[in-house]
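Novice: Right, I'll just put the structure down here and ask away after.
The values are calculated or read from the model by the stated rules, or taken from the named source; none is laboratory data. None of the values given here were measured: they were computed from a predicted structure. Every residue, glycine among them, receives a Cβ derived from its backbone with ideal geometry; neighbour counts consider all protein chains shown.
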Amino acid sequence: MTAALAQATSSRPAETTAVRATAGGAAIALGAATAIVARQAGLVGRPARWLSPTTWGIAGYLAFNTVGNLASSSGVERWAFGPVTAIASALAAFVALRTRCEAST
């Protein structure tokens, strides 16, 4: 039993490093998504043509993420992250739709 415990604890640093690396990558991706949506909304810089489909893609990804969060067995993911990603998805879709409508008028 001690050998199994030693083996389990020796594998944790590698798992911790992988989780931290994944979380860091997710933070960078979410930061980039935030910058793209903010630029599309006209809050930062000028909107560009490629931002509209990218903003729709971000809204879709966040909607897909919401479904995963709501289906999770984790209470934190379901009750905290689920509504947050749903709101973020709706806001990204609103920006994409609003800027598309403004461009056509």
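Novice: In the set ALA41, ALA63, ALA33, which member is at pLDDT below 95, surrounded by 13 or more Cβ atoms within 10 Å (Cβ to Cβ) and not charged (D, E, K, R)?
Specialist: The match here is ALA41.
Novice: Take ARG46 and tell me if it is among the basic types (Lys, Arg) and part of a helix (DSSP H, G or I).
Specialist: The answer is no for ARG46.
Novice: Under 7 Å between Cβ atoms, which residue pairs at least 6 apart in sequence (or on different chains) link something in the stretch 28-42 that is over 14 Å from GLY57 (Cβ atoms) and without any contact (Cβ under 8 Å) to a residue 40 or more places away in the chain with a partner that is outside any helix (DSSP H, G or I) and of a type in the set (Asp, Glu)?
Specialist: Every condition considered, no pair remains.
Novice: How many residues are of a type outside the set (A, V, I, L, M) and more than 13 Å from the chain's Cα centre (by Cα) when one looks only at the stretch 78-95?
Specialist: Summing the residues that are of a type outside the set (A, V, I, L, M) and more than 13 Å from the chain's Cα centre (by Cα) in the stretch 78-95 gives 3.
Novice: Counting only residues that are of a type in the set (S, T, N, Q), in a helix (DSSP H, G or I) and farther than 14 Å from ALA88 by Cα, how many does the stretch 49-75 have?
Specialist: Residues that pass the stated criteria total 2.
Novice: Within the stretch 58-67, which residues are under 8 Å from GLY82 (Cα atoms) and either over 10 Å from the mean Cα position of the chain (by Cα) or of a type in the set (Asp, Glu) (or both)?
Specialist: Answer for the stretch 58-67, where residues must be under 8 Å from GLY82 (Cα atoms) and either over 10 Å from the mean Cα position of the chain (by Cα) or of a type in the set (Asp, Glu) (or both): just VAL67.
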